[in-house]
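The values are calculated or read from the model by the stated rules, or taken from the named source; none is laboratory data. Quick caveat: nothing in here was measured; it's all calculated off a predicted structure. Please note: Cβ atoms are built from the backbone with ideal geometry, for glycine as well, and neighbour counts cover all protein chains shown. To get the accessible areas, we keep the full protein, side chains included, count just its heavy atoms, and leave off ligands, DNA and RNA. Shrake-Rupley method; radii C 1.70, N 1.55, O 1.52, S 1.80 Å.
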Amino acid sequence: MKKTMAAAALVLAAVLVYAPGAGAQIGDPAEYLGEWYINYMKEGPDGAQMNVASLMGASYTLQLEEDGTGQAKITPLQTEESGDEAEEEETMTLTWAFDDGKIQVTGEDDSAMIIDEVDGEVLGDAGDNTYFVLGRELIQEDTDWDALLGDMSDKEHQEAAKTARENPYVYKSEADNTAEVIAAYLKKNSYGNDYEVTLDPAGGTFTADWPGNEYADPEHIEGTYEITADNFVNIKWTDEKYGFENSYEGAEYVQLWDDLTLKEDLSNLSGVVAKMAGMMDYEHTYTPDSVTLAQDGETEGTATLRDGDYEFTYQYRIYPGADPYLILTYHDEANDTNPEWNNYSLRQ
């Protein structure tokens with residue numbers, strides 16, 4: 001079987017993680033004895049769910065006995081991919097107890113899970129907003145990954161749009177946030193690395209350190225900074241490896257964030273679309289007046305941009321909220337792909 005039992009064991013390990021949680025509360029634990037299949041894994045009690053058997057090529061069961069003992073089991077399933085190649089079944093002994101209206105399950109390695117029933121669905125709460133759906137019969141079905149990932153992305157974008165974010169490049173003299181502003185510059189230009197910034201106000205210098213990871217070496221930066229009369233933080237530093245100077249102007253970063261932030265009432269939609277399109281297509285210049293919007297619904301439609309005789313059309317989609325999330329995409333016929341950009345990643 002190509003999907004190894006080592007990978008399968010990861011799911012079982014995830015199941016047996018203790019997590020406190022509220023639920024409907026079980027009345028009679030005797031009704032929950034016997035074998036349970038772990039059929040789905042999902043994010044949140046109402047989140048998108050993945051079929052575990054289809055994903056891992058194995059069935060996952062919990063067996064609860066009347067004497068408070070039991071067993072967790074991983075059983076490989078016969079598939080076309082596996083052929084005659086067989087993998088061994090894996091088991092773990094467990095104990096269970098009924099407490100506070102829930103079934104507390106503890107594995108032999110002291111890991112644990114809480115079983116509860118909510119709205120007619122038997123759930124295992126695994127913590128970190130991860131839940132498992134239990135059933136008396138095995139369910140094995142194909143997973144529509146495109147639909148599943150799309151649903152998960154939709155929920156992430158909807159959640160992100162709920163909360164307004166402050167412009168991280170704005171200098172606040174009363175808060176003395178110079179180090180935070182410099183760290184924000186470096187994070188944006190390193191694709192998300194978090195630097196620890198130390199200032200020497202007397203000399204107008206700073207150091208920034210990133211610890212590195214398994215793919216990249218640690219980085220140490222030494223540079224200078226200034227706070228301008230109009231309250232912007234500017235920095236300069238020389239790349240020791242390549243010898244070129246980096247210069248970040250605070251006014252530009254503050255303006256870029258503002259230009260890419262969609263207002264809650266969507267009144268500046270044309271302006272944000274024009275800014276995004278200009279950043280993605282450096283050969284053309286767009287203004288809010290060069291954008292024509294055609295709505296297909298309240299939160300989506302097409303945006304046609306013109307620069308002289310040149311014209312290009314994007315599809316747009318909005319996730320409304322205090323900080324609306326805007327996506328632009330188009331179909332690249334030459335490569336049969338659908339490139340996608342959003343205002344969050346471009347402004348960060």
Just to confirm my numbers, what's the Cα centroid distance between segment 274-325 and segment 163-218 in Å?
31
Checked segment 306-348 with the C-alpha gyration tensor, a ≥ b ≥ c its square-rooted eigenvalues, rounded below a/c of 1.5, otherwise prolate if a/b is larger than b/c and oblate if not; verdict prolate
Need the C-alpha centroid separation for segment 330-348 versus segment 101-125, integer Å.
42
Positive dipole terminus of the chain, leading residue within 204, 324, 342 (C-beta point charges):
204
Would you calculate a helix-derived [θ] at 222 nm for the chain, using -39,500 (n - 2.57) for each DSSP H run of n ≥ 4 and dividing by the full residue count, to the nearest 500?
-6000 deg cm²/dmol
In what order, largest first, do 50, 276 sit by accessible area if the probe radius is 1.4 Å?
50, 276
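Counting only heavy atoms of the protein chains, get the accessible area per residue of segment 255-341 (1.4 Å probe) and round it to a whole Å² value.
So segment 255-341 comes to 56 Å² accessible per residue, rounded to a whole number.
Within the accessible area of segment 223-324, what % is carbon and sulfur when the probe is 1.4 Å and the other protein chains stay in place? Walk me through the numbers before you get to the answer.
Numbers: 2610 of 5830 Å².
Result for segment 223-324: 45 percent of the exposed heavy-atom area is carbon or sulfur.
Hey, got the dipole for segment 158-291? About the Cα centre, +1 on K and R Cβ, -1 on D and E Cβ, debye to the nearest 20?
Around 320 debye, computed over segment 158-291.
In debye, nearest 20: dipole of the chain around its Cα centre with unit charges on the Cβ of K, R (+) and D, E (-)? Display every interim value, and only then the final one.
Working: 19 positive and 73 negative charges, 188 e Å.
Computed about the Cα centre, the dipole is about 900 debye.
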Cross-link list 155/263; 241/275; 172/275: which exceed 22 angstrom alpha carbon to alpha carbon?
241/275; 172/275
Could you give the C-alpha radius of gyration of segment 195-314 expressed as a fraction of 2.2 N^0.38 Å, taking N as the number of residues it contains?
1.48
Please give the net charge around residue 130, taking every other residue with its beta carbon less than 11 angstrom from that of residue 130, where Lys and Arg add +1 and Asp and Glu add -1.
-2
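So with the 1.4 Å probe, I'd like the accessible area per residue for segment 165-214, rounded to whole Å². Working shown, then result.
Values: 2890 Å² over 50 residues.
Value returned for segment 165-214: 58 Å² of accessible area per residue.
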When only Cα pairs under 8 Å and 6 or more residues apart are kept, what is the percent relative contact order across segment 186-262?
15
Rounded, prolate or oblate, given the Cα gyration tensor of segment 262-340, with a/c below 1.5 counting as rounded?
oblate
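Determine the sum of side-chain charges near residue 249: Lys and Arg each +1, Asp and Glu each -1, restricted to other residues whose C-beta is under 15 angstrom from that of residue 249. Mind showing how you got there, number by number?
Details: positive: 188, 236; negative: 226, 230, 245, 252, 258, 259.
With Lys, Arg at +1 and Asp, Glu at -1, the net is -4.
Near residue 50, within a Cβ-to-Cβ distance under 12 Å, what is the net charge of the other residues, with Lys and Arg +1 and Asp and Glu -1?
Values: positive: 42; negative: 43, 141, 142, 144, 151.
Around residue 50, the charge tally is -4.
How high is the relative contact order of the chain, in percent, with contacts defined as C-alpha pairs under 8 Å that are six or more residues apart?
Working: 647 pairs, mean separation 40.5, N = 348.
Answer for the chain is 12 percent.
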For the chain (alpha-carbon point model, no solvent) the Debye-based log₁₀ I(q)/I(0) at q = 0.11 Å⁻¹ works out to -0.97
Looking at 120, 312, 77, which one has the Cα that reaches farthest to the positive end of the dipole of the chain (charges on Cβ: Lys, Arg +1; Asp, Glu -1)?
312
